1. As a test of the formula, what do you get for the chain when each DSSP H run with n ≥ 4 contributes -39,500 (n - 2.57) and the sum is divided by the residue count, at 222 nm and rounded to the nearest 500 deg cm²/dmol?
2. Roll a 1.4 Å probe over the protein heavy atoms and report the accessible area of V70 in Å², nearest 10.
3. Where nothing but the Cβ of Lys and Arg (+1) and of Asp and Glu (-1) is charged, how large is the charge dipole of the chain around its Cα centre, in debye to the nearest 20?
4. Normalising by the residue count of the chain, find the relative contact order in percent from Cα pairs under 8 Å and 6+ residues apart.
5. Could you tell me the accessible area of W191 in Å² (1.4 Å probe, neighbours in place), rounded to the nearest ten?
6. For the chain, which whole-number percentage of the solvent-accessible area (1.4 Å probe, protein heavy atoms only) is attributable to carbon and sulfur atoms?
7. Sort M352, M232 by accessible area with a 1.4 Å probe, largest first.
8. May I ask you to give the solvent-accessible area per residue for the chain, in square angstrom, as obtained with a 1.4 angstrom probe?
Amino acid sequence: MDNGCNINRSPWWWVPTLYFAEGVPYFIVTAISIALFNQLGMPNAQMALFTSLISFPWVIKPIWSPFVDVLQTKRWWIVTMQLMMVVTIFFLAWLAPKGYFTIALVLFTITAFASATHDIAADGFYMIALSESQQSAFVGIRSTFYRIANIFCQSLLLMIVGILEKSHSVSTSWMLTLLGCSALMTVIALWHLFMLPKAENIQPAKNNTQIWQEIGLTFVEFFRKPAILLAMLFMLLYRLPEALLLKLCVPFFLAPIEEGGLALTMDTVGELYGGLGVVMMLLGGILGGLAGSRWGLKRVMLWMCLCLTLPCIVYCYMAAYQPDNLWLIASCIGVEQLGYGLGYTACMLYMMHFAKGEHKTAHFSICTAVMYLGLMLPGLVAGYIQQNTGYLTFFWIVMACCIPSILITIIVQKQL
């Protein structure tokens, strides 16, 4: 697999594509799967349950991250995982739209494991292949192209599906779109096969005992940190309203009026929620980063939490009045996503603060795993709640879940 050149190429040749490739499978598993299963008729209860379960690999990836460090090179892992995802997305394209849901879930899960492993390898390769000055120079580039992957998946792909649906069946539209994704990942994998520099050697193999001792030491030190229980509670509860909301946003936009939805077309959802919404989220993230840098986490933490939670009220409004004015719907989505971008920044800043220490990289990975668990667990039941209450009551329940998020933020803020 290591057929790449030994020449130190400019990072511009591979950093943008590497982090675009990191984002695409993540958003296919966590976001595109929701729209796919919803349009193919899977009830919201099962859809939310299964699309939460397939995200489990990101919760447990710290467990096998040491293996990526000591078995083969990170470059090998990157290309191998990308090729694996080419295959799984290819078979998803043929089987999922035909209603083979069980097989599709298995393929999504394999894609998630490959994507989580790719994340570990890509971040490690970035630090090995670049000098410290280059790492600093390209941190914005890697973040930008990861976000472009978000827009690509949640906007462009959904718009393509919506446009194809005007002349093809729903299943054919999804099949063609996912085949296009597989073809794109093939091009990227082949590009990286030749363009990623050979910046590392295979490390001397460690025996199983050494590997497990390393894993154990990392976890022991993490759980010995001061106020660990409070910190974990924050990571689990801070994004609670969002965890419920994420699973039902797209189904709400697509659901017929008589079922309490807005009856939007898929291409419109791609334009408004995936396009405008993601852009506003990115703007919120930039503003949040600037605010945190200027005033410090302690001063902005509660305000960012309020930005994350309170704008969810726009969904209560939309569910109650079911507006058909696209400008009004777009404004609601924009406000909520701008607040999400601001609020999410506080979570990231806190995890970076908490992970400080000798093993900060591994500890930050554990923090993100706990955070993903906080997103996954509420998602398991989100669909069942909505099916038994309707969209309007469900969104009021989301608003009620803002209370524990705000309370835990107030408590943690005092400990900073």
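The values are calculated or read from the model by the stated rules, or taken from the named source; none is laboratory data. As the structure is a prediction and not an experimental result, all values here were calculated from the model. FYI the Cβ positions are ideal-geometry reconstructions off the backbone, even for glycines, and counts take in every protein chain you see. Heads up: the accessible areas ignore ligands, DNA and RNA and are worked out on the full protein's heavy atoms, side chains in. Shrake-Rupley method; radii C 1.70, N 1.55, O 1.52, S 1.80 Å.
1. Helices in the chain give a 222 nm mean residue ellipticity of -25500 deg cm²/dmol.
2. Approximately 10 Å² for this residue.
3. Using only the charged Cβ atoms, the result is roughly 840 debye.
4. Relative contact order of the chain: 26 percent.
5. 90 Å²
6. For the chain, the apolar C and S fraction of the accessible surface comes to 68 percent.
7. Largest to smallest exposure gives the sequence M352, M232.
8. Using a 1.4 Å probe on heavy atoms only, each residue of the chain averages 43 Å².
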